[in-house]
Each structure stands twice: as C-alpha cells, then as structure tokens.
1. Would you mind calculating the gained length between residue 96 and residue 49 on full extension (0.36 nm times residue separation, minus the Cα-Cα distance), in nm to one decimal?
2. Residues of the chain: accessible area per residue at 1.4 Å, in Å²?
3. Please report the carbon-and-sulfur percent of the accessible area for region 215-268; probe 1.4 Å, protein heavy atoms only, DNA, RNA and ligands left out.
4. In whole Hz, what ³J(HN,Hα) sequence does region 182-196 give by Karplus (6.51, -1.76, 1.60; θ = phi - 60°), x for Gly and Pro?
5. Could you give the length gained by full extension between residue 17 and residue 70, i.e. 0.36 nm per residue of separation minus their alpha carbon distance, to one decimal place?
6. Which lysines, if any, have their Cα less than 24 Å from the Cα of residue 183, not counting same-chain residues under 8 positions apart?
7. Match the structure shown to one of the listed values (i) 1.39; (ii) 1.04; (iii) 1.32 of Cα Rg over 2.2 N^0.38 Å, computed from it, and give that label.
8. Quick one: net charge around residue 230, please, counting Lys, Arg +1 and Asp, Glu -1 for every other residue with C-beta under 11 Å from its C-beta.
Amino acid sequence: MSDSQYWTSLWGVGIVIFLCLFLMILGVGVFVTLYDRISVWPIWNSHFWVKFKIPLIIICVIGFIAGVLALARYQSQKELKAAQEYAQSQGWSFSRYDNQGFKERVAGIWWNFNFDLQYIRTVETGQRRLYLFDCSYKHKEATARTSYSRGTACLVQSDRLLSVTVPLEIVTRDWTEVMIADKVDMGQSPFAEKFLVLSKDPGPAREIVNASIQAIMLQHLKKLLYNPVGVSLGPGGAIVLADRTFEHDLLQDILDLACQIEAAVGRL
C-alpha cells in the first residue's frame, strides 16, 4: 500500500470514530435534557401511574419487540419478492434456500470463510455454470462474538477454471492489511498498489493472477459504478463477492466481472 492510500484509509477511520463519539455525546445530552424536563411532570406521582406502571412498561416492551419483528419480516418479504421478480424477468431459476449443495461448492473455493446462502439464482448452465446468490459470511478464525457480514456473490464454474491449482483470494488494499496473513508478493505494479493476493502457495498464485486478470481488476476499480468486490479462485471455480445489493446494475456488474475472470483464467 502506498503512503497516500494508508493515510487516506486511516483518515477515514478517524472521521468515523469522531462522528460516533460526537453522536454518542449528543445523544447523552439530549437524553439528559429531556429527562430533566419530563421527570417533573405530575403524572409520575399520580395514582394511575403508580398502580399500572409495571404492566404498561411490559406492554410497551412487548409492543416494541413485536414491531421490530414485524418490520424485519416485512423487509425480508420485500427483498424476497424483489429477488424473485428480477430473476423471473431475466429467465433465471430461483431457489430461496440452498437445496443443491451450493454451500459445499463455495467452501471448496473460498477456503477461509464460512458461508450461509440464500436467494440462489441459476443464471447460466452448460459448459460454464453461473450462479448469483445472497449470503452471510465471516472468517473461519473469527470468534463466536463476531457478527456475520452480508453480501451478494456470483459463483462461476467451468472446465477453464480447472487450471487453477491452488486457492487464492484477491482483495482491495487498505490499512487493515497489516493484520492479514498469506500475502503474495506481486512485485511493483499498478495492480499491486491497489490489490492484495492471498494464498498459502505464492508461486502458483502469481501464475494464476496473470496480466489479464490484473487488467480486469484495475478496470473494474475505475468504473463510475462504485461496487467494491473481493475475488476468490479455486480448482474449478471462482467467486466474486460484493456488499449485499438488489440493484440491477450492481447485480449485472458482479456477473460481468465473474465472466471476465473466468475467460481470463482460461488464457493461462
């Protein structure tokens, strides 16, 4: 990572921390102000409040929880409908849950993460098989307290990708790279300034991430459509992973990138 990239990333983290602290202090101030004003209301000493405050508090808590669950269910149904309708409009088959062993296929390619899959869309079958899905994932070495991240990904499988002999990962560089292991030295190049290649077998990994793949990743980074991705390649398949999205342009962008990488690996 160049010095400018490092300090830009660090500056961004500093801004986020400052905003969080500012909002927390602001929230405490607002709460104290409202509490001072509300606590003097005579209703708190009334016979009605003394007699019914516990049932009212319980009802409010139950109502709040029920409201949150109802909102979550509504949002889930809305997302499901959006995914189904777009899949239908594109002529893709759709499965809400993983009932075809996709989790095992993904685990064989993205070797260092645990994935849970849903909304699996079969985009293309034949010599090249293309699948789009939503997922929750986290690093295998993460603690139980670590929450899952959510993403949208594309799995591409073909005979061309059988030339990939070792699993590897391509991620965008940022200040957290000092905590990342298994980094592959890709030399001095525009690609190496922007991306990290991770693999336990650096020699074959350098051969797999050829000039064509490097050019594709750099070109994707320059797109006006902001869609940061991670890429993992393994024997027989590749996965392109982005933040979770239902935007049609971003979904097509993920699919296009996966197809480009599959074609580039075929030129090994």
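The values are calculated or read from the model by the stated rules, or taken from the named source; none is laboratory data. Note that this is a predicted model, so its numbers are computed, not measured. Neighbour counts are summed over all protein chains in view; Cβ atoms, including those assigned to glycine, are modelled from backbone coordinates with ideal geometry. Quick note on the areas: whole protein, heavy atoms, side chains included, nothing else; ligands and nucleic acids left out. Shrake-Rupley method; radii C 1.70, N 1.55, O 1.52, S 1.80 Å.
1. Numbers: separation 47, 0.36 × 47 = 16.92 nm, distance 4.82 nm.
My answer for the length gained is 12.1 nm.
2. Working: 16360 Å² over 268 residues.
Accessible area per residue: 61 Å².
3. On the way: 1290 of 2340 Å².
Of the solvent-accessible surface of region 215-268, carbon and sulfur hold 55 percent.
4. 6, 6, 9, 6, 9, x, 9, 7, x, 5, 5, 6, 10, 10, 10
5. Value of the extension gain: 15.9 nm.
6. Within reach: 138, 140, 194, 200, 222.
7. Answer by label: (iii).
8. Working: positive: none; negative: 169, 243.
Net of charged neighbours comes to -2.
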